[in-house]
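Report on the structure given below.
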């Protein structure tokens, strides 16, 4: 890295970089202190999965006694540790009118993957306690290390100033920091996983002698990421197509790169495939809820097909149609919802295109509370907090992308995770917790825009303003 920095005071750069990491860690720890049990809503049944693993029931849903931890969490609007639920589930279930009811353990397969539950079970073995705080603290530290990945990418493709500014933007961009402290939730792990995978892919795309190791690392990270968000499954294929479009490699080397990325991904997922085939007598590459989630997503806006964006309503629709009494049964759910989705798109194509269009234009101004309320963070109203910061990020990134249009190939590679993440979620849902994990690369283009505008204000030479460190270009 010293060679990349050249004549600039390397010690000062490193001090600033360490300062950015310290700021990132501090922001995440403060948010963890304030919001450790905030109701994140999504994936709150992972404690149930972890208990099933530790208690020897395997990967099941409904392993806990009583009415189930998810119902109690929804009723109390907070994240509840398994330890506390086991001590208090009887009076809590009585309050809900569900005393004496016991959940029926069923094989776990649904619209979520078991990654957080497996990690939560691991922290139980390590610390002897079923508490989310251990996993939240570990992820807060890991996510703060993204500062160094952002800096390295920025230094490789832009300049020292852009790299440092992007590092501080990553440290202080609160939506990503908020997501990172929900350690027991599947979405929380995706920002750092996707950023690390992008870093490895970009290192591999430079064509050096070690490129195959980096491609393999990218595939390994995506394989691990599939246990949290399986929508990353086809990202190696998307990357290979970008390598072809940008003419980075020959067709033969692109095929080799794709294979090198796919092999570790397949190896990591193969135990899940074998388990699913044994349990359900069907090949299930990731989860069995894609078509169910897509149907549910069609209810995001007023629609002529009867879709409703609500779990319990979709479940009841399934039961009313004669579905098996299990929200988690792959044998029936996908078979039921797939034709409904395809029929809705076929019968109402213009309406469906309007849904996709509305999702695209709403990306910069979406809002999701993620546990923020007036009592928790009174100085940060959620609508201003999320809509303002996300809209500003998209605006600055758009300016940066425009400034960097002369290097279209590199721009496509750097923004590849963002592009893929948006494209793959457009047919399902584009909620912030789905889209946000892929937005770290936008911080680089936002920093590039800010540095460019600052230099433009100081210089009348347009080219020098927008490319202040041409000597650092690869």
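Sequence gap at least 6, Cα distance under 8 Å: using those rules, report the relative contact order of the chain to the nearest whole percent.
RCO, the chain: 17 percent.
What number, rounded to the nearest 500 deg cm²/dmol, is the helix-based mean residue ellipticity at 222 nm of the chain, given -39500 (n - 2.57) per DSSP H run of at least four residues and division by all its residues?
Numbers: 24 runs with 297 residues, N = 474.
It comes out at -19500 deg cm²/dmol, rounded to the nearest 500.
With a point put 7 Å past each Cα toward its Cβ, work out how far residue 391 is from residue 90 in nm, to one decimal.
In this crude spin-label approximation the distance works out to 5.3 nm.
Order of 60, 365, 147 from fewest to most other C-beta atoms within 10 Å?
By the 10 Å Cβ count, ascending, the order reads 365, 60, 147.
Over the stretch 39-130, what relative contact order in percent results from Cα pairs under 8 Å that are six or more residues apart?
37
Starting from the Cα gyration tensor of the stretch 158-252, take the square roots of the eigenvalues, sort them a ≥ b ≥ c, and report rounded, prolate or oblate (rounded when a/c is under 1.5, otherwise prolate if a/b is larger than b/c, else oblate).
The shape class here is oblate.
Sort largest first and round to whole Å: the equivalent ellipsoid semi-axes of the stretch 39-130, each the square root of five times a Cα gyration tensor eigenvalue. It would help to have the intermediate numbers written out before the result.
Working: eigenvalues 78, 39, 35 Å².
In descending order, the three semi-axes are 20, 14, 13 Å.
At a Förster distance of 51 Å, what's the computed FRET efficiency of residue 402 paired with residue 346, Cβ-Cβ distance as r, to 0.05?
Taking R0 as 51 Å, the efficiency between residue 402 and residue 346 is 0.85.
By how many degrees, between 0 and 90 and to the nearest 10, does the Cα long axis of helix 146-157 differ from the longest principal axis of the chain?
40
Expected output is a single nm value to one decimal: the length gained when fully extending between residue 356 and residue 174, i.e. 0.36 nm times separation in residues minus the C-alpha distance. What is it?
That works out to 62.8 nm of additional length.
Testing the spin-label approximation: label points 7 Å from Cα along Cα→Cβ at residue 319 and residue 247. State their distance in nm.
6.0
In whole angstrom, how far apart do the alpha carbon centroids of the stretch 125-182 and the stretch 54-109 sit?
32
So if I take the centroid of the Cα atoms in the stretch 410-429 and the same for the stretch 202-235, what is the distance between those two points in Å?
15
With each label point set 7 Å from Cα along the Cα-Cβ vector, what nm distance links residue 26 and residue 102?
5.2
Every number in this text was worked out from the coordinates using simple rules, so none of it is lab data. Everything quoted here is computed from the prediction, not taken from an experiment. Heads up, the Cβs are rebuilt from the backbone with ideal geometry, glycines too, and the neighbour counts pull from every protein chain shown.
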